Structures are given as structure tokens and as C-alpha cells.
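Chemist: One structure, pasted below without further comment.
The values are calculated or read from the model by the stated rules, or taken from the named source; none is laboratory data. For clarity, every value in this text was computed on a predicted model and none was experimentally measured. Neighbour counts run over all protein chains shown; Cβ positions are idealised from the backbone, glycine included. Surface accessibility is based on the protein's heavy atoms, side chains included, excluding ligands, DNA and RNA. Shrake-Rupley method; radii C 1.70, N 1.55, O 1.52, S 1.80 Å.
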Amino acid sequence: MVVPALFKLEPKESLDELYNFEEEIKMLRLVYETGRVAAVLGLRRTGKSSLVKSFLNSFNVPHIYIDVRRAAVAAGRVTARGFAAELGRALTDLLRREDSLKGKLIRALGSISGVSVSLPTLSVSLSWGRGRADLAALLEAVNRAAEEAGRRVALAIDEVQELRWLGVGVAKLLAYIYDNLPNIVVIVTGSEVGLVHDVLRLGDPESPLYGRAVVEIKMKRLTREQALDFLRRGLSEAGMRPPERELEEAVDLLDGIIGWLTYYGWARSSGIGSLEEIADTAARQEAAELEKLLVKSRAEARYRAILKAAALRPMRWAEIKRAVEAQEGAEIDDKNFTELIRHLVKMGILEKTGEHYAIADPIVRRAVEKYLR
């Protein structure tokens with residue numbers, strides 16, 4: 001069976017494959033045409049990568065697309081070597097895609113120490129050790145080539161908060177681009193919204209970006225009616241009409257998060273399992289990811305206890321603290337406990353609404369309830 005375009009699991013790459021992102025596309029287009037920096041923010045699986053990729057491809061925007069997660073694959077975190085390889089790959093893609101920029105960009109990059117352009121294969125590689133490429137000089141070269149071609153180039157950085165491991169002053173870099181490279185427009189995405197604000201230092205009077213217009217595009221959950229319509233459309237394309245009650249149960253469980261609705265639609269149209277089986281498979285995957293994250297922390301046991309408490313129902317700070325203290329059999333310092341809660345919020349695992357904290361993603365909540373040890 002052919003899987004409908006709406007239910008493709010990989011990030012979408014054209015507007016035809018998107019659902020209900022018209023307003024966000026308009027905002028991105030406005031930033032690209034008249035602005036300088038956009039920050040696309042939201043929970044994981046709310047469609048950030050799909051939005052940006054579809055905008056860049058569908059409007060034929062010359063772009064350097066850097067997926068910071070890919071730069072972290074080999075070492076488990078972003079390294080200079082991994083980032084240099086990913087940036088070289090992104091520049092290679094730009095050269096091969098944009099004939100109007102090709103010659104100008106080859107000449108501009110060829111003058112930069114630490115950057116190598118292979119003409120037979122049209123590939124770019126960057127030195128990452130001694131004599132590493134100067135990132136500012138490289139972007140200046142891109143800006144010159146874009147100016148000569150009469151184009152604007154988008155520098156898209158997916159999951160920008162991961163660059164904190166690299167020691168790159170992201171706010172300073174973006175401020176430099178903003179002030180000096182008018183032919184480069186920056187689009188960053190981040191699923192750990194609090195950490196993105198920390199990295200970009202938005203709202204900080206001492207930040208290099210302070211006073212410069214950074215347009216925030218906030219990704220939202222689908223409403224109940226939108227989520228139902230999304231499932232009906234995709235399943236109809238697959239020649240299926242499940243009972244309306246099943247779709248309502250799926251929407252209740254998956255809470256308007258388009259990534260999980262897509263996963264359900266993909267599995268359902270592929271004949272893989274019931275709703276409960278699909279949700280459990282996703283929850284096991286999330287539990288495995290959480291395990292990897294928690295074992296890196298010295299506060300692992302306490303983080304687990306906080307998540308177990310928050311998975312029960314939305315709770316106030318004091319309620320979560322009492323639950324964790326009851327499990328440990330000892331009082332916990334208020335300041336230390338607040339830092340743990342704040343870190344979980346910054347990472348997008350906990351969500352604060354009013355005075356209450358809850359696990360934002362319904363599948364993560366299920367993972368904590370059923371599979372987190």
C-alpha cells in the first residue's frame with residue numbers, strides 16, 4: 001500500500017505535503033524577503049523541520065541547511081569535526097543546487113584558508129583541526145557570492161541549541177551576520193525552547209542580539225477538529241475509513257502533536273497494529289531516548305522521580321517536591337530542586353501552565369508511566 005504524503009515519517013520537503021502551516025509559511029517568507037533572523041520554536045514532532053525544509057524547497061530559496069543532530073551522530077554530541085563535516089556537506093548541496101551561485105561561490109570559498117573545493121565532484125570540505133576554517137570568513141564569502149548573484153541565501157540551523165556543546169557564541173555569530181552580511185538570512189529551529197533562549201540570549205540586555213529583530217515562530221498543537229481532519233484526509237488517500245470513534249480515541253491520546261498523529265496514520269495505513277500497540281511502540285522508543293539522556297546526569301534518580309510524579313497529573317512545584325521527598329525519605333534543598341525542574345522545562349520535557357507542571361508530550365508521558373525504570 002502507498003503511504004499518503006501526509007503520513008510520510010521523514011520531514012516533509014514541499015508545501016503539498018504540509019497540513020495547516022499557512023500562517024507559519026507566510027511569516028517565514030516575510031522574514032526571508034524583508035527580515036534577518038527567524039527562530040522556529042516548539043515541542044519535538046510539531047513540524048519545525050518540515051516547515052523549514054518545505055519553505056526553502058518550494059520557494060527555491062538558496063540555502064545552507066545544517067542539521068546539528070547529524071553533526072552529533074558519531075560522538076553523541078556536537079564536535080568541531082562533526083560540525084565541520086556537516087557544514088561542508090551543506091555547502092556542497094548549495095553548490096550543486098544553485099547554478100546562479102556556483103561560479104561565484106567557488107571563487108569566494110577558494111580564497112579562504114581551511115576550505116577546500118573539489119571541482120570534479122563539486123564538493124566542499126572544511127579543516128577541523130589545526131588551521132581550521134574561519135567561520136566568519138566563510139560566511140563573508142557566501143554573502144559576497146549572494147550579493148554578486150542578486151540573491152539572498154538562507155542559513156538554516158536545525159536544533160540550534162545543540163551548538164552549545166561546541167562552544168560557539170551563537171548569539172554573537174548571528175549578531176555579526178545581522179549587522180554585516182545583509183545577503184544572509186538566518187532561520188534557526190529548536191525543540192528545547194528554554195535552551196534556545198539561553199543560547200540566543202533573547203531578552204538579555206547584554207546579549208549581542210539585544211535590540212535586533214528576531215522573529216519567533218511558535219509551532220502549535222493541532223486543535224481537536226484539525227487533528228481529526230488531518231487523520232481523515234490521510235486515511236482517505238489510503239482508501240481507508242476507520243470508525244470515527246477510533247479516530248477520536250487517537251486524537252485524545254496523541255493530543256494534537258502532528259508528529260505522533262503522522263506516526264499513527266503511517267502505521268494504520270500500513271496495517272501495523274492497533275492504536276494501543278502503535279502508542280506503546282512509540283512510548284518504548286521515547287523511554288529509550290529518555291534513558292540515554294538521564295544516565296548522563298548526576299541527578300539521574302531525582303530526575304526520574306520528578307518525571308514519575310509529573311506523569312500522574314499536572315502538579316504544582318510543592319506537590320512534586322513532596323512526592324520526590326517522600327520517595328527519598330529526606331528533605332531536598334529548594335534551590336537545587338528548582339534548578340532540576342527548570343532544566344526539564346528548558347529541555348521541553350516538562351511544560352509549565354500557570355502554577356502547574358506536566359509532561360508536555362503525551363507519548364513521553366506514557367513512556368514515563370509504563371517504561372521508565
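Chemist: Starting at 0 and stepping by 5 Å, how many percent of the alpha carbon pairs of segment 296-342 end up in each bin?
Modeler: Histogramming segment 296-342 at 5 Å steps yields 4, 22, 39, 25, 9, 1 percent.
Chemist: Roughly how many nanometres apart are two label points built 7 Å out from the Cα toward the Cβ at Glu13 and His356?
Modeler: Roughly 4.3 nm, to one decimal.
Chemist: Right, next: So what is the accessible area of segment 215-373 per residue, in Å², with the probe set to 1.4 Å?
Modeler: I get 52 Å² per residue for segment 215-373.
Chemist: Considering every pair of different Cα atoms, what Kirkwood radius, in Å, is found for segment 123-173? Walk me through the numbers on the way to the answer.
Modeler: On the way: mean 1/r = 0.0769 Å⁻¹.
In segment 123-173 this quantity evaluates to 13.0 Å.
Chemist: Hey, can you find the accessible area per residue of segment 1-126 for me, probe 1.4 Å, expressed in square angstrom?
Modeler: Accessible area per residue, segment 1-126: 46 Å².
Chemist: Next up: Which angle from 0 to 90°, rounded to the nearest 10, does the C-alpha axis of helix 334-346 make with the longest principal axis of the chain?
Modeler: The two axes meet at around 60 degrees.
Chemist: Follow-up. With viscosity set to 0.890 mPa s and temperature to 25 °C, compute the Stokes-Einstein D of the chain, Rh being the Kirkwood radius across alpha carbon pairs; µm²/s, no decimals.
Modeler: Estimated via Stokes-Einstein, D reaches 109 µm²/s.
Chemist: With angles folded into 0 to 90 degrees, how steeply does helix 99-110 sit against the dominant principal axis of the chain? Use alpha carbons for both and round to 10.
Modeler: Relative to the chain, helix 99-110 is tipped by roughly 80 degrees.
Chemist: Taking segment 246-308, how much of its Cα-Cα pair set, in percent, is spaced more than 18 angstrom apart?
Modeler: 46 percent
Chemist: From the gyration tensor of the Cα coordinates in segment 176-323, what semi-axes in whole Å does the equivalent ellipsoid have, largest first, with each one equal to sqrt(5λ)?
Modeler: Listed largest to smallest, the semi-axes of segment 176-323 are 35, 26, 15 Å.
Chemist: Subtract the Cα-Cα distance of Lys335 and Asp179 from 0.36 nm times their separation in residues, and report this length gain in nm to one decimal.
Modeler: Numbers: separation 156, 0.36 × 156 = 56.16 nm, distance 3.92 nm.
Stretched fully, the Lys335-Asp179 segment lengthens by 52.2 nm.
Chemist: Just to be sure I understand: of the beta bridges DSSP finds with both ends in the chain, what percent are antiparallel, rounded to 5?
Modeler: 35 percent
Chemist: Related question: R0 = 30 Å: FRET efficiency of Leu119 with Asn60, Cβ-based, nearest 0.05?
Modeler: Computed FRET efficiency for Leu119 and Asn60 comes out at 0.75.
Chemist: Also: Taking the Cα centroid of segment 79-131 and of segment 273-287, what is the distance between the two, rounded to the nearest whole Å?
Modeler: Computed from Cα coordinates, the inter-centre distance equals 41 Å.
Chemist: Ok, one more. Filter Lys321/Lys370; Lys172/Lys296; Lys53/Lys308; Lys308/Lys352; Lys218/Lys346; Lys8/Lys53 down to the pairs with a C-alpha to C-alpha distance above 24 Å, please.
Modeler: Correct reply: Lys172/Lys296; Lys53/Lys308.
Chemist: In 10 Å bins starting at 0, how do the alpha-carbon pair distances of segment 148-214 split up by percent?
Modeler: 20, 54, 22, 4
Chemist: Order these peptides, 90-99, 294-303, 211-220, by their mean beta-carbon neighbour count within 10 angstrom, highest first.
Modeler: Values: 90-99: 17.1, 294-303: 13.4, 211-220: 15.5.
Per-residue Cβ counts within 10 Å, averaged per peptide and sorted highest first, yield 90-99, 211-220, 294-303.
Chemist: Another one. Would you calculate the convex hull of the Cα atoms in segment 1-101 and tell me its volume per residue in Å³?
Modeler: Taking only Cα atoms, segment 1-101 has a hull volume of 149 Å³ per residue.
Chemist: Quick check: pseudo-label points 7 Å beyond the Cα along Cα→Cβ at Thr79 and Arg107, how many nm apart are they?
Modeler: So the label points at Thr79 and Arg107 sit 3.8 nm apart.
Chemist: Further, regarding this structure: Starting at 0 and stepping by 10 Å, how many percent of the alpha carbon pairs of segment 108-230 end up in each bin?
Modeler: 11, 33, 32, 16, 7, 1
Chemist: Met240: accessible area at probe 1.4 Å, nearest 10 Å²?
Modeler: The accessible area of Met240 comes to roughly 40 Å².
Chemist: Also, quick follow-up: If we sort 338-349, 113-124, 187-198 on the protection proxy, mean other Cβ atoms within 10 Å, highest first, what's the order?
Modeler: So the peptides 338-349, 113-124, 187-198, ranked by packing, come out 187-198, 338-349, 113-124.
Chemist: Summarise the accessible area of the chain (1.4 Å probe, protein heavy atoms) by the percent that is carbon and sulfur.
Modeler: Of the solvent-accessible surface of the chain, carbon and sulfur hold 50 percent.
Chemist: With unit charges on the beta carbon (Lys/Arg positive, Asp/Glu negative), name the residue among Gly203, Asn183, Leu222 whose Cα is farthest towards the positive pole of the charge dipole of segment 176-235.
Modeler: The residue sitting farthest along the positive end of the dipole is Leu222.
Chemist: Mind pulling the angle between the C-alpha long axis of helix 22-34 and the longest principal axis of the chain? Nearest 10 degrees, somewhere in 0 to 90.
Modeler: 30 degrees
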